[in-house]
Amino acid sequence: MAFAHRRDGRAALLYLLPAAVVLLALLAYPIYQLVVISLYDYGQPQASGAAPLVFLGVDNYVTLLSDPRFWDVLLTTVVFAAVCVVGTLLVGTALAVLANRARTVPRTLLFLAALGAWATPTMAGSYVWLFLFDQDFGLVNEALGSLGFDGMRGHSWTFERFSAFGLVAAEIIWCSFPFVLVTMYAGIKAIPGEVIEAAALDGASARRTATAVILPILRPLLMIATIQSIIWDFKVFTQIYVMTNGGGVAGQNLVLNVFAYQKAFAGEQYGLGAAIGVVMTVLLLLITGLYVRAQRGVR
Amino acid sequence: MKFRRTLAVAALGALAIGCAPPQASNDTSGQSEETTGELRVWLFQEASNAAKEAVVDEAKAEFEKAHDGVTVNVEYLPVDGRASRFNGAFNDKASAPDVAEFGNTDLAGYTASNGFADLTADLGSWPDSKDLVPEVLDTATVDGKTYGIPWYTGTRALYYRTDVFTELGLKPPATLDELTATARQIRAAKPDLYGIAVGGKYQFALLPYIWANGGDVAEQDGETWKATIDSAAARAGLSQYAELISEDICPPAACAQLTGSQSVAAFAGGKAAMTIGGDFNRAAVDAGAVKGKYAVIPLPGKTEGSIAPAFAGGNLLGVFASSKKRTLALDFVQLLGGKTYQEKMFGAMGNMPTFTDVQDRVAADDPFLQPFIETVQSGTRFVPSTPAWTKIDAAGVLPTTVQQVATGQLDVAAATSAAAAEMNEAFGS
């Protein structure tokens, strides 16, 4: 018995080996390098061998954590990501419910539109939204203007801090809700008809069916969608970088990833940038871990 | 369990002592000089690159004819992505080219990375070098060593719409204060126009304001630099510039984020009555709606008859420190950066030459250049030539300050104090 068990384990290891090798090479090694670089004063002169390497220990982290700007940007990032995650989940789930009830033709149209948004490259999507909301030539201002909102002609959507964040959040929700839509739609479709029927026979109201039957069945899917969204939206870069022109007026729209890019690559402080990367990774692992744990508690 | 702990300790140990971040080697001893083969050249991609390519191809043909067994391979890089290409070349010497064109503001950073070869002695023995404009040659020099031949300079001056000024009966401004008043007057009379198109991200328009008011962004203090952006004079200049980005001149919603080329584009598109533009912007302005309806004067200073010191922009041609074909590379730089080809480049691109005699020759038959040459000859200034400037520039310290003041987020004292603190931190490290 024990022998067979051990052989099973060995076989399992063998099967896992290719994936492990790929993961180690593509994930563990870069993270290892990231951590190592974050412990050094590592800028462009150090990288090109013109200046000696200086081991700093945790100095980069101290610099980072004592920078009030970092905490500002971190708070902004958390709030912004939260808004995007909630928005994405709400829109995606609502449309999944709608798709479940719609006839074939409107449902197909909805899915085509959603897949179109999903398939649009981030860069292109950001620019299209910028063009739509352009101050002088944008379709949105044009339409609002001709509807009688004369004040909207020449209105800049990206000048005010919250307006700019709102616009970017809308774009992010637009390009990430399809994933939630597809996931939740599949989940709803997979709920056996008998279960709903049984609930109806027991006299459950539509609302009670939704909260006591459908939602618990969908919970694992919802969890995956939420974690994915948290990770994506916390790491958002392209949309902010493109739509607010590198972080907005006086850096008012900076999020953590753009901040890290400015420090690490534009400012050529690779060590400090790596430290931000490590902090971000740890934060994401923590958030995800806590979330998974909380969900287990619910069940 | 014990095994796992040992493994963890071993891993930690390896982390602590085993590995440091990768560094490129700068050991060039034992490298033999190559006199044949492929000479790789990086030049910047311009908006009208065909004209540039034509001149460069001519130089390439001439060079290949004079050097048997040598082919010149020119690659055109987009200016925006230059940092990653150059840094990549410094880190991986094998992939580096032999010759490159680069901006003079990047020089201090590149030098700190051992990027370019010291050409001081070679230029000393090159007879043509005595005709180089001294202030321009200074922009190719760090700590007394020269790392490139100035290929062309870029100077900015004040573009204004002659038709608008005539219609409103205005005179071109003679001082910076007058400029503000005139710009306000124009926007009041013509609400469709910006009085002057300038932007929060247009650093090279901001700097002359600071300099004209007697201030500077930083000053050298022995080995290090110290920010002076919070001095009274610099503050006066910065707030005078920020005042231009206001509802009654250039509305912040449109102008707070404008860069230099966007400001010029707004002027070229007929949206502004004035702008600060370079001699190199001529083609862009002529391609726009205002062709034939504008004139250029030097940007005035604080007092009548004075000229605001301009930023000495320009590009250099240098030899990569890692090049195995140093002699060939230097020959090519001296050919393409020499008098004949600078004059050809001027004909093709309008690039202002860096030799006094060539400047005089081309300016004699082109009145457009007069205000720019006047500006250069009244004295130009430069950004702090230290690698820290790269960080300050990348962090957008000055644009952020202008934007904070222009949008009223902070007053000029608070904004410049914060900027000075950030700059001093960069200088310190």
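The values are calculated or read from the model by the stated rules, or taken from the named source; none is laboratory data. What you see is a predicted model; the values in this text were computed from it and never measured. Note: ideal-geometry Cβ built from the backbone for every residue, glycine included; neighbour counts use all protein chains shown.
Taking each residue of segment B:103-132 that is on the phi > 0 side of the Ramachandran plot and looking for partners that are surrounded by fewer than 19 Cβ atoms within 10 Å (Cβ to Cβ) and of a type outside the set (Asp, Glu) with beta-carbon atoms closer than 6 Å, six or more apart or interchain, yields B:ASN114/B:ASN26.
Looking at B:LYS325, is it crowded, with 21+ Cβ neighbours inside 10 Å, at pLDDT below 95 and basic (Lys, Arg)? Talk me through it step by step, then tell me what you get.
Values: crowded, with 21+ Cβ neighbours inside 10 Å: yes; at pLDDT below 95: yes; basic (Lys, Arg): yes.
Answer is yes for this residue.
Selection of helices (runs of 4 or more DSSP H) fully inside segment A:1-109 by the criterion of at least 3 residues being at pLDDT 90 or above and not basic (Lys, Arg) returns A:2-23, A:29-38, A:59-65, A:68-101. Close contacts from segment A:205-219, counting a first residue that is in contact (Cβ under 8 Å) with a residue 60 or more places away in the chain and a second that is surrounded by fewer than 14 Cβ atoms within 10 Å (Cβ to Cβ) and in a helix (DSSP H, G or I), with Cβ to Cβ under 8 Å and a gap of 6+ residues or different chains, come to A:ARG219/A:VAL298. Quick test of your reading of the structure: B:GLU243 fulfils all but one of (1) within 14 Å of another protein chain (Cβ to nearest Cβ); (2) in contact (Cβ under 8 Å) with a residue 12 or more places away in the chain; (3) within 23 Å of B:LEU410 (Cα to Cα). Name the failing condition by number. So the condition that B:GLU243 fails would be (1).
Scanning segment A:17-44 for residues being surrounded by 15 or more Cβ atoms within 10 Å (Cβ to Cβ) and over 12 Å from B:PRO22 (Cα atoms) gives a total of 5. Across segment A:152-173, the number of residues qualifying as touching a residue at least 12 places away in the same chain (Cβ under 8 Å) and either buried (at least 19 other Cβ atoms within 10 Å of the Cβ) or not in a helix (DSSP H, G or I) (or both) comes to 15.
Kindly check whether there is at least one residue in segment A:65-84 that is of a type outside the set (Val, Ile, Thr), within 14 Å of chain B (Cβ to nearest Cβ) and surrounded by 16 or more Cβ atoms within 10 Å (Cβ to Cβ). Please lay out each step first, then the result.
Of segment A:65-84, the ones of a type outside the set (Val, Ile, Thr) are A:65-72, A:74-75, A:80-82, A:84.
Right, trim to within 14 Å of chain B (Cβ to nearest Cβ) and you get A:66-70, A:72.
Now drop any that are not surrounded by 16 or more Cβ atoms within 10 Å (Cβ to Cβ), which leaves A:70.
Within segment A:65-84, one or more residues are of a type outside the set (Val, Ile, Thr), within 14 Å of chain B (Cβ to nearest Cβ) and surrounded by 16 or more Cβ atoms within 10 Å (Cβ to Cβ).
So in segment B:300-322, with the set limited to residues that are over 12 Å from the mean Cα position of the chain (by Cα) and closer than 18 Å to B:THR146 by Cβ, which one is surrounded by the fewest Cβ atoms within 10 Å (Cβ to Cβ)? Across segment B:300-322, the extreme among qualifying residues is B:ALA321. Of all residues in segment A:126-140, those that are within 14 Å of another protein chain (Cβ to nearest Cβ) and either among the hydroxyl-bearing types (Ser, Thr, Tyr) or without any contact (Cβ under 8 Å) to a residue 24 or more places away in the chain (or both) total 5. The single condition from (1) over 22 Å from B:LEU176 (Cα atoms); (2) among the hydroxyl-bearing types (Ser, Thr, Tyr); (3) in the same structural domain as B:PRO172 (by TED's automatic domain parsing) that B:SER261 fails is (1).
For B:ALA174, the requirement of being over 22 Å from B:THR416 (Cβ atoms), at pLDDT 95 or above and aliphatic (A, V, I, L, M) is met. Of everything in segment B:388-429 that is part of a helix (DSSP H, G or I) and of a type in the set (S, T, N, Q), the residue that is modelled with the lowest pLDDT is B:THR390. Return a yes/no flag: does segment A:167-180 have any residue that is more than 18 Å from the chain's Cα centre (by Cα) and among the polar types (S, T, N, Q). Looking for residues that are more than 18 Å from the chain's Cα centre (by Cα) and among the polar types (S, T, N, Q), one finds none in segment A:167-180, hence no. In the condition set (1) loosely packed, with under 11 Cβ neighbours inside 10 Å; (2) within 14 Å of another protein chain (Cβ to nearest Cβ), A:LEU14 is compliant with all but (2).
Checking each residue in segment A:272-299 for being surrounded by fewer than 24 Cβ atoms within 10 Å (Cβ to Cβ), of a type outside the set (A, V, I, L, M, F, W, C) and assigned to a helix (DSSP H, G or I) picks out A:GLY277, A:THR281, A:THR288, A:GLY289, A:TYR291, A:ARG293, A:GLN295, A:ARG296, A:GLY297.
Being touching a helix residue (DSSP H, G or I) at 6+ places or on another chain (Cβ under 8 Å), modelled with pLDDT of 90 or more, within 11 Å of another protein chain (Cβ to nearest Cβ) and within 27 Å of B:PHE204 (Cα to Cα): is that true of B:PHE90 here?
Working: touching a helix residue (DSSP H, G or I) at 6+ places or on another chain (Cβ under 8 Å): yes; modelled with pLDDT of 90 or more: yes; within 11 Å of another protein chain (Cβ to nearest Cβ): yes; within 27 Å of B:PHE204 (Cα to Cα): no.
Spelling it out, it is not the case that B:PHE90 is touching a helix residue (DSSP H, G or I) at 6+ places or on another chain (Cβ under 8 Å), modelled with pLDDT of 90 or more, within 11 Å of another protein chain (Cβ to nearest Cβ) and within 27 Å of B:PHE204 (Cα to Cα).
Residue check: B:PHE372 meets all listed conditions (1) more than 30 Å from B:ALA183 (Cα to Cα); (2) surrounded by 22 or more Cβ atoms within 10 Å (Cβ to Cβ) but one, namely (1). Considering only residues in segment A:226-247 that are surrounded by fewer than 24 Cβ atoms within 10 Å (Cβ to Cβ), more than 13 Å from the chain's Cα centre (by Cα) and part of a loop (DSSP other than H, G, I, E, B), the one that is nearest to the other protein chains (Cβ to nearest Cβ) turns out to be A:ASN245.
Which members of segment B:397-419 meet the condition of being facing another protein chain (nearest Cβ under 7 Å) and closer than 10 Å to B:ALA256 by Cα?
Listed by number, the residues that qualify are B:THR400, B:GLN403, B:GLN404, B:THR407.
On the basis of being at pLDDT 85 or above, at positive phi and crowded, with 16+ Cβ neighbours inside 10 Å, does A:ASN253 make the cut? So A:ASN253 does not fit the description; no. Out of B:GLY338, B:GLY301, one residue alone is farther than 17 Å from B:VAL402 by Cβ and either outside the structural domain of B:LYS60 (by TED's automatic domain parsing) or free of Cβ contacts under 8 Å to residues at least 40 places away in the same chain (or both). It is B:GLY301.
Contact map, segment B:394-423: first residue within 27 Å of A:ALA264 (Cα to Cα) and touching a residue at least 12 places away in the same chain (Cβ under 8 Å), second residue of a type in the set (Asp, Glu) and part of a helix (DSSP H, G or I), Cβ cut-off under 6 Å, separation 6 or more or different chains; pairs are B:VAL397/B:GLU422.
With the structure loaded, tell me whether B:ALA189 is modelled with pLDDT under 95 and surrounded by fewer than 22 Cβ atoms within 10 Å (Cβ to Cβ) or whether it fails that test. Spelling it out, it is not the case that B:ALA189 is modelled with pLDDT under 95 and surrounded by fewer than 22 Cβ atoms within 10 Å (Cβ to Cβ). Return yes when B:SER322 is away from chain A (no Cβ under 14 Å) and out of contact with any Pro (no Cβ under 7 Å at 6 or more places or on another chain) and no when it is not. So B:SER322 fails the test. The number of residues in segment B:352-396 that are closer than 23 Å to B:ARG282 by Cβ and within 14 Å of chain A (Cβ to nearest Cβ) comes to 0. Annotation for segment B:88-95: no member residue is touching a residue at least 24 places away in the same chain (Cβ under 8 Å), assigned by TED's automatic domain parsing to the domain that holds B:LEU328 and within 27 Å of B:VAL358 (Cα to Cα).
Segment B:46-160 holds strands (runs of 3 or more DSSP E) entirely within its bounds, and those carrying 3 or more residues that are crowded, with 23+ Cβ neighbours inside 10 Å map to B:99-103, B:149-154. Out of curiosity, is A:ASP59 at the interface with chain B (Cβ under 10 Å from one of its Cβ atoms), within 25 Å of B:GLY109 (Cα to Cα) and either out of contact with any Cys (no Cβ under 7 Å at 6 or more places or on another chain) or of a type in the set (Phe, Trp, Tyr) (or both)? Considered against the rule, which asks whether it is at the interface with chain B (Cβ under 10 Å from one of its Cβ atoms), within 25 Å of B:GLY109 (Cα to Cα) and either out of contact with any Cys (no Cβ under 7 Å at 6 or more places or on another chain) or of a type in the set (Phe, Trp, Tyr) (or both), A:ASP59 comes out as no.
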